[in-house]
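Data block below; observations after.
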Amino acid sequence: MTDRIADIWGQRTPHARGTSWPVRLDQHLEEGVAESDVQRWVQSACVLCSNGCACDIAVKDGRMVGVRGRTDDVVNHGRLGPKGLYGSWQWNGRDRLTRPLIRENGELVETDWDTAMDRIVQRSRQLLDEVGSSSHGFYTSGQLFLEEYYTLGVIGKAGLGTPHMDGNTRLCTATAAAALKESFGSDGQPGSYTDIDSCDALFLFGHNMAETQTVLWMRVLDRLHGPDRPRIVAVDPRRTKVADAAVESGGVHLAPLPGTNLALMNGLVNQLITQGWVDEEYVSAHTLGFEELARTVEAYTPEKVSEICRVSPDDLRRAAEIFGTSERVLSTVLQGFYQSHQATAASCQVNNLHLLRGLLGRPGCGVLQMNGQPTAQNTRECGADGDLPGFRNWQNQNHIDQLAELWNVDRLVIPHWAPPTHAMQIWRYVEQGSIDFLWISATNPAASMPELPRIRNILGREDLFVVVQDGFPTETTEFADVVLPAAMWGEKQGTFTNADRTVHLSEQAVEPPGAARSDLDIFLDYARRMDLRDRDGEPLVKWHDPESAFEAWKECTRGRLCDYTGLSYDKLRGGSGVPWPCNAENPDGSDRLYSDGVFPTAPEVCESYGHDLLTGGATPPTNYQAERPDGRAFLKTAEYTPAPDAPSDEYPYICTTGRTVYHFHTRTKTGRGRQLRKAAPEPWVELSPGDAEALGVDEGDLVRVESRRGAMEAPARIGRGRDGTVFLPFHYGYWDTGAPDRQPTAANELTQTEWDPVSKQPLFKVSAVRVTKLAPGQRCAPAPTTTASAPHDPATVPATRGDQGAETREDPGVADPPGQVPSPEHTPGVPQPVLPHAARRS
Amino acid sequence: MHLPVYVGLLDSSLRSLADAFRQVSDGHGEEPDVEYLCQVLARQVDEQLEALTPVVRRYGENREQEPERLRATGLESTRSGGVGLLRDLQDLYMLGSFVDMTWTVVGQAAQGLRDRELLQLVDACEQDTTRQLQWLQTRIKQAAPQALIAAK
Ligand code: SF4
């Protein structure tokens, strides 16, 4: 038995390069429940991060009482991390919303579904009549199921015809999608988690994998403990466990100043080019734009980069050398890049490193532009984030016609007259009053959006009608005119897709509490009550349950890169999840994309014609066509510019926000799991030892962190970060502590309303702040000691551990590893090149 | 030779454009992307001006002979609201287009004179101007429907 609060990653099962990752079965049951007490095990996958670990939910007397990993699944080979073990089911039944609520005389009061839904429909109809569909905005999630997103997408795009629909995925994963579109023509993860098993070098760009995807990190650790281990390079301003591993493995830890990633990346690419670590054959046959790339990065010598980023020029050279000379390199990218300045350009440079060396589409050679939330991939695919379903291009008339035909609606209904409205702009329109109807599903913007004082003002606007659909009362439900109680994971059925394209089925294990309904049922009910019809007067939404929604979605993906037509609920039952594209020719799915170096950039299939990475200006379709991409990838970057909200005398520190291993999002689930809550109960402010000394702050002292926009207060952890930067965990809002005017604890009180010009992802990681000491502390800060928030001086702080209820069974080697998913030689949905070979070598 | 007149015109219209970007940035602080990107683009135009200095020196900048009516007028003040933003961006677009064509005209002369240095400069700067115009067009298209249909 292992305490997986203290020992986050559990015991090692080392293996050699190119061999299968051994199985380890992880299982955790509620205290007092023995395995023999479990009446049913119900198949699912964890929804507490983008890793998508397959699991079975233990059910006893109609209640979820534990989980175990699925050993035959390609994603996790039986393992689960602390959030999955302790957080995925423990919230079950507690503090839930069980009845619809409506606002009467300023108060939220309980009501029935008819009354609540009628009120929504009435307001919706009135605004459609008076103003039109641009009065409606939908702000959804990265935590619903595929079937729910697709239904919402169809309602918005074919029913109402509003361009204002986005997910909170804008805050977590928009840059992954944008970078993939800019480089390869379409969203779609090139690499696979299996690349970890055979890489020689692993680069983590702004990705604290040890905390954000713990099971993926176990996979890395098992390589690091085996023979011929890979070298790790970590790019992170904090001294994370990943950074420690980089140093121990003979790699490099680069800690650039927050906001300077693009300068660093331009420097790495500069080194690759000047040192001759470029596969010219691959570049000339499979890419476009080398000359311009080389010109743009020319100025970024190690010395210049060192000045901008404050990293040593030799470290930069070493990192470049590891990339340039290792046989197989895998890169992963996450929020350190996505939520920072010039996010898309910096993330595209990661793609460029791989394109320049031709390290794509082979075992151990890949890019993982990661996702944050568990079902973010589906928000992106299904049209719930503004993009059109099935990675279709809103500027391509044929794509619009395909959808119009599929949905049997007038093509003019489908919003394609302007770029889809991104979340930050939706909120701006709400602020200005041109959106008067805002439907928020499965997310908590009053804690997770940047600049909370502004968000609270917007939500409180007098004539705004707010619908909030959630499982729990949250900071956001406080502002609602109607609250709809939603069924959650384990209480409903549906599928979702993780960051390496693996699709899982999550079955219903228990009944939802009270009158709560699945999000799918709620959307279907709205469509019915709004009487949304197709061109023949038939109901627009022709499905009625998860499986029929899935079947409808399959048709929408036919022939596209994200082809689901080879999947079905039956096929996903038992056994492993399956990565798309999966169709008749590739019935077992596809492990890796782009083996032959042909990408979906042909104008007739690409999801986007691309943008200028400095400004976000869209490439005109005719310019795109004139380039004749013909399956070649684009080498794009931009020049580095200093970030907005740069530090000044008044606000001398740069503040970054992020996650801790024990929590997810705004803690609505993990904050209700006892072990997780105890491990990281309250927020903290992480300072470097040097800054703490200069400020006269000791471990545990109460400090105030203040930007031009707002402030938060919490005890100080004297951590291991670099001088000049402050770190705040973003999970802590007010649902369990009281109002912000008592003591503001949310990191987002002070973050800025500013976003990347291409992906429109907000800049959570660069806020200029000042720090002041408010009071001496009584005890040390409530920050975990097991991770990146570890204290600079371990002797001063008691170690984080679980109580006896944390015991988890780990059984290594109980089964053979699951079989390998094949990688197609040519990627489904991608046209073969038409230009003769010679003409492609520009 | 009238090239100096046009070099002078280029110089003055770039100054107007840089000023206009800064004005729009200051006037639309509530649109953070506009505020920030207009600053970035103003600096980009500043750099063009700097790069143009040796050319101005070489050909002489014949300000005296530059007829007033050749000049592009800058922005007087910024407007407010959704439609105001649209209009201001459109003014920027017009100014940018003027600069774009002025680069082209100067570039034609540079070809005739086989002035490689000037040709290179025109080439690089025209690309940046195209990027500025593309961004403006993208932002205008994005803002237009909401401003014209739903704004209060
Ligand atoms: S790694 Fe992610 S998906 Fe897997 S158990 Fe942990 S939180 Fe769940």
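The values are calculated or read from the model by the stated rules, or taken from the named source; none is laboratory data. All values reported here derive from a predicted model rather than from experimental measurement. Glycine also receives a Cβ, built like all others from the backbone with ideal geometry; neighbour counts cover every protein chain displayed.
Pairing residues of the stretch A:732-746 that are more than 21 Å from A:Lys678 (Cα to Cα) and assigned by TED's automatic domain parsing to the domain that holds A:Arg677 with residues that are at pLDDT 80 or above and hydroxyl-bearing (Ser, Thr, Tyr), at Cβ distances under 9 Å and at least 6 apart in sequence or on separate chains, gives A:Pro740/A:Tyr734; A:Arg742/A:Tyr734.
In the stretch A:124-142, the condition of being crowded, with 21+ Cβ neighbours inside 10 Å, part of a loop (DSSP other than H, G, I, E, B) and on the phi > 0 side of the Ramachandran plot is met by no residue. If the condition is being without any contact (Cβ under 8 Å) to a residue 60 or more places away in the chain and not basic (Lys, Arg), then the stretch A:523-539 contributes A:Asp531, A:Gly537, A:Pro539.
Checked against (1) under 19 Å from A:Thr753 (Cβ atoms); (2) within 14 Å of another protein chain (Cβ to nearest Cβ); (3) assigned to a helix (DSSP H, G or I), A:Arg461 passes all but a single condition, namely (3). The criterion of at least 1 residues that are in contact (Cβ under 8 Å) with a residue 24 or more places away in the chain, crowded, with 24+ Cβ neighbours inside 10 Å and within 16 Å of the ligand (Cβ to nearest atom) is met, among strands (runs of 3 or more DSSP E) falling completely within the stretch A:170-259, by A:201-205. Residue under question is B:Leu92, and the condition is that it be aliphatic (A, V, I, L, M), at pLDDT 95 or above and either within 25 Å of A:Pro163 (Cα to Cα) or under 19 Å from the mean Cα position of the chain (by Cα) (or both); does it hold? For B:Leu92, the condition - aliphatic (A, V, I, L, M), at pLDDT 95 or above and either within 25 Å of A:Pro163 (Cα to Cα) or under 19 Å from the mean Cα position of the chain (by Cα) (or both) - is met.
Selection within the stretch A:788-832: residues that are outside any strand (DSSP E or B) and in contact with a helix residue (DSSP H, G or I) (Cβ under 6 Å, 6 or more places away or on another chain). The member of this set that is nearest to A:Asp701 (Cα to Cα) is A:His792.
Can you tell which of A:Glu303, A:Glu321 is without any contact (Cβ under 8 Å) to a residue 12 or more places away in the chain, touching a helix residue (DSSP H, G or I) at 6+ places or on another chain (Cβ under 9 Å) and surrounded by fewer than 18 Cβ atoms within 10 Å (Cβ to Cβ)?
It is A:Glu303.
Here B:Ile140 does not fit the description of being at pLDDT below 90 and either within 12 Å of another protein chain (Cβ to nearest Cβ) or not in a helix (DSSP H, G or I) (or both). Here A:Arg717 fulfils each of the conditions (1) out of contact with any Cys (no Cβ under 8 Å at 6 or more places or on another chain); (2) away from chain B (no Cβ under 14 Å) apart from (1). The single condition among (1) at negative phi; (2) modelled with pLDDT of 95 or more; (3) more than 14 Å from chain B (Cβ to nearest Cβ) that A:Asn408 does not meet is (1). Scanning the stretch A:504-526 for residues that are part of a strand (DSSP E or B) and in contact with a Leu (Cβ under 6 Å, 6 or more places away or on another chain) yields a single hit, A:Leu505.
May I ask you to list the residues in the stretch A:439-458 that are more than 13 Å from every other protein chain (Cβ to nearest Cβ) and either outside any helix (DSSP H, G or I) or at positive phi (or both)? Answer for the stretch A:439-458, where residues must be more than 13 Å from every other protein chain (Cβ to nearest Cβ) and either outside any helix (DSSP H, G or I) or at positive phi (or both): A:Trp439, A:Ile440, A:Ser441, A:Ala442, A:Thr443, A:Asn444, A:Met449. Checked against (1) closer than 24 Å to A:Thr787 by Cα; (2) among the charged types (D, E, K, R); (3) at pLDDT below 95, A:Asp701 passes all but a single condition, namely (3). For the stretch A:395-433, the set of residues classified as among the hydrophobic types (A, V, I, L, M, F, W, C), within 21 Å of B:Leu148 (Cα to Cα) and in a loop (DSSP other than H, G, I, E, B) consists of A:Ile414, A:Trp417, A:Ala418, listed by residue number.
State whether the residues of the stretch A:629-637 include one that is within 14 Å of chain B (Cβ to nearest Cβ) and modelled with pLDDT of 95 or more. Checked against the condition, which is being within 14 Å of chain B (Cβ to nearest Cβ) and modelled with pLDDT of 95 or more, the stretch A:629-637 yields at least one hit.
Report whether or not B:Glu47 is of a type in the set (Asp, Glu), in a loop (DSSP other than H, G, I, E, B) and either touching an Asp or Glu at 6+ places or on another chain (Cβ under 9 Å) or at pLDDT 95 or above (or both). It is false that B:Glu47 is of a type in the set (Asp, Glu), in a loop (DSSP other than H, G, I, E, B) and either touching an Asp or Glu at 6+ places or on another chain (Cβ under 9 Å) or at pLDDT 95 or above (or both).
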